[in-house]
């Protein structure tokens, strides 16, 4: 193509004529006739007939000199007839006749064909390969228009403008097309005055009289000439009510009316535009929303302005501000808060930011909203960003109120620490914050941290008397959990002295706890005094606490051997709270036994057995009944009771005693064969135990009495090492010497001595004991492999006196090494054989944790349920057990059972179990399509907050899922944006936010 700066010369504008054969002197043949007829039809533009005739000519293989021209005409007919394969036909012609004199025109036809298919880049490429100047004037102008338009369609405005300018100069037919499109390019590039001139030049042209007025009106709108823009737009709407530009003209008219403060007309026109447009412009939506706002239609204002936000720009910032103001008028403070938050996060307009941030702070303050410490940080942020604002004094006053009432304790405390000279109200707030941080740490089981916070609060105790008293109470609770009973007692007494409210439940509990601090230190007289004061105070409302108070008073009288008073209080405990009466009945029965009322003891224990069949005291009751029958010299019933105990609770330590006493009773009755059988069963069933030692001693006596020493020696020789207590003097002395060295604290020498003993007596009577001590020494030296090797030998004799401790140590080592299968087995065995409630609780706790970590749902549920059935379980352990049971139920698909536990846990979100449980409750509701319940749960969670921010953040994400499911996409987006701005942790929350925001953008 020639250089663009040259205009065409008129002599070049004619297309090459179709070649004509020389004047014929011979008649035309049939083939030549077909060519001639086809050519004539082609020239008359009868392309279909021409194509048919010329195709027949090509089939008959006419003269080679004419085939080029025939093929050219066939290619042209494909283009003119808009055949689907016309581009292929034209390109094939060029391939077959590359030197054709028609090549230039064929290339222009290919370019035009691509243009009509909307393939503008391909069209441009072909237009560049041909010489448009060599076409006819009509085709030249048409191709120039198409090429310019193709550049315009591909947004190459500079090239488009060049060719439209060329067309404007050389073509009278397309001059107005060029003027219009040049005006459009000026409009797009914001040269509005020049564009206006162009559109004005063609507005009378029939082709553009319904198009140009829109741009003319829009230019006047952009230039702020609202009366002219509105006049043109309204005249257009009246003249052309059905034209394509009507919807956009309504926008122009509406925006112009908005510019004239005619909000009623703006609302009417812009709402019509919104309804008719598939993709209404943000600016128009903003003005419609503002028109609603100015006409006090606040619900529509908020909804419409919400649709106008999108990109981070000044329009979005202002839209968010007025969305918030509209929601305030509707008293929807949550929605207002989120809108103000977004407006305050932009810096496009500082005055808008100031107003938005102030309103955001007020919304947070008025609604007590502070999931991520916003109640504190937003006021601090305002004072930092706008220190000279007219709102500064008010914000300072609000900040003090926030300190007093916020749930964001740490953030508030850190804020106060920045104040160099705090006043009295600030210090009082600090006192309360430290106290609340203490209770928060207490709820999380961090008792040492809690103690520290309470102490720091007490150092500011002169500002609020009740907070000071409460800090003493809860510091006492913390120290009690740390088993610092004397210090706990001091704090409880200080609470009683300082608390202004002597009728509160805490007052009675402080008396109750003072009783326990003394009781734990075995100061039973002092304990009785405090428990008696608690019982008579009338301030405690919990029946379980009242019942336990009477039980402890009974225990105190019991230890003082004042049995009548003890019985009275045990009976009273049962009447106050029958659910916890098994201990009371057992103790009452025991006291009757001490008073030699053996029948009364048996009857009371029968009541325990019938009324509390699942009690932990059943084995104790059966054993004590056996003892009562023995004292009544009713050996037959005693043997029956002991036998029942052994059968029902074979792993109980009391069963070992009962089995041994069965042998003794037979022996006393001279029933030697039965006694021998009973003693042998004890020795075989409980090897290594103290009962087995006693049984072997008595068995030896029986065999001697019966003169069957050989039978005895044969039996003893069959016993494995560690089970034979018939020892020689050297065995006994060697072990005793090693044990004395150990008891003196000479560990190295003791280790050598015990090792020497086992080498000398590998099957000795004390081999189990020696193995235990060597295992314990290795454990304390952190040689865990050796410790396990020795202690496993002890565990082989589960009824030895060291077996429970060996099981505990081995279970703890297995747990720490993450061998949860072994740990679970050992903890369960330990729980079955332990002698004390404390040891059983420790074993069951270890078993629960091991089962949970093994994902053994059934074992987790059963162990947790056993723990939760206990009457006095520490709250932190109760939470842990309930959490594990809930997670196990979820694992097994038992959603309702899980929900029951999670609902209880969710009542206290201060600890990690409650924090996750609150989220899981909402998630379960959502999974069950109970969106209303899920929403309510999360909104409640946001209100109560939690120090465990991750689960609160997950709840925000879940709330966005709820709103998306309900079609409330704007609400979903607002919560996600709020979370994105306020949650700072580096975890998977950000990815959750991003994925949902992208999903919302596509909807």
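The values are calculated or read from the model by the stated rules, or taken from the named source; none is laboratory data. On a predicted model such as this, the values are computed, not experimentally measured, just so you know. Don't worry about glycine lacking a Cβ; one is built from the backbone with ideal geometry, like all the others, and counts go over all protein chains shown.
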Every listed condition ((1) modelled with pLDDT of 80 or more; (2) in contact with a helix residue (DSSP H, G or I) (Cβ under 6 Å, 6 or more places away or on another chain)) holds for residue 744 save (2)
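Residues checked against (1) under 30 Å from residue 679 (Cβ atoms); (2) in contact (Cβ under 8 Å) with a residue 60 or more places away in the chain; (3) over 55 Å from the mean Cα position of the chain (by Cα):
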position: 590; (1), (2), (3): yes, no, no
position: 595; (1), (2), (3): no, no, yes
position: 605; (1), (2), (3): yes, no, no
position: 623; (1), (2), (3): yes, no, no
position: 639; (1), (2), (3): yes, no, yes
position: 645; (1), (2), (3): yes, no, no
Note on region 117-156: residues in a loop (DSSP other than H, G, I, E, B) and under 24 Å from residue 202 (Cβ atoms) are 154, 155, 156
By residue number, the members of region 157-176 that are in a helix (DSSP H, G or I) and without any contact (Cβ under 8 Å) to a residue 24 or more places away in the chain are 158, 159, 163, 164, 165, 168, 175
Among the residues of region 346-365, is there at least one that is in a helix (DSSP H, G or I), under 19 Å from residue 973 (Cα atoms) and touching a residue at least 60 places away in the same chain (Cβ under 8 Å)?
-> no
The lone condition residue 683 fails out of (1) within 22 Å of residue 795 (Cα to Cα); (2) surrounded by fewer than 21 Cβ atoms within 10 Å (Cβ to Cβ) is (2)
From the option list 356, 373, 339, 326, single residue qualifying as surrounded by 19 or more Cβ atoms within 10 Å (Cβ to Cβ), within 33 Å of the chain's Cα centre (by Cα) and at positive phi is 373
Scanning region 964-1001 residue by residue, those more than 15 Å from the chain's Cα centre (by Cα), more than 18 Å from residue 374 (Cα to Cα) and touching a residue at least 24 places away in the same chain (Cβ under 8 Å) turn out to be 964, 965, 966, 969, 970, 971, 972, 973, 997, 999, 1000
Exercise. Does residue 398 count as modelled with pLDDT of 90 or more and assigned to a helix (DSSP H, G or I)?
Worked result: no
When region 326-345 is checked residue by residue, the ones that are farther than 18 Å from residue 379 by Cα and part of a helix (DSSP H, G or I) are 326, 327, 328, 329, 335
Taking region 662-683 and keeping residues touching a residue at least 24 places away in the same chain (Cβ under 8 Å) and in a helix (DSSP H, G or I) leaves 663, 664, 665, 666, 667, 668, 672, 675, 676, 680, 682, 683
More than 53 Å from the chain's Cα centre (by Cα), surrounded by 18 or more Cβ atoms within 10 Å (Cβ to Cβ) and at pLDDT below 95, is that true of residue 765? yes
In region 857-874, anything surrounded by fewer than 18 Cβ atoms within 10 Å (Cβ to Cβ) and in a helix (DSSP H, G or I) is listed as 858, 862, 865, 866, 868
When region 686-707 is checked residue by residue, the ones that are on the phi > 0 side of the Ramachandran plot and surrounded by fewer than 19 Cβ atoms within 10 Å (Cβ to Cβ) are 707
query: Does residue 882 satisfy being out of contact with any strand residue (DSSP E or B) (no Cβ under 9 Å at 6 or more places or on another chain) and at pLDDT 95 or above?
result: yes
Flagged in region 72-96 as over 15 Å from residue 115 (Cα atoms) and surrounded by fewer than 14 Cβ atoms within 10 Å (Cβ to Cβ), in numbering order, are 81, 95, 96
Exercise for the section: State yes or no: is residue 844 without any contact (Cβ under 8 Å) to a residue 40 or more places away in the chain, more than 29 Å from the chain's Cα centre (by Cα) and more than 26 Å from residue 579 (Cβ to Cβ)? Expected result: no
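So that you can scan it fast, the table gives a plain yes or no per residue for (1) on the phi < 0 side of the Ramachandran plot; (2) out of contact with any helix residue (DSSP H, G or I) (no Cβ under 6 Å at 6 or more places or on another chain); (3) modelled with pLDDT of 95 or more:
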{"site": "464", "(1), (2), (3)": "yes, no, no"}
{"site": "483", "(1), (2), (3)": "no, yes, no"}
{"site": "490", "(1), (2), (3)": "yes, yes, yes"}
{"site": "505", "(1), (2), (3)": "yes, yes, no"}
{"site": "536", "(1), (2), (3)": "yes, yes, no"}
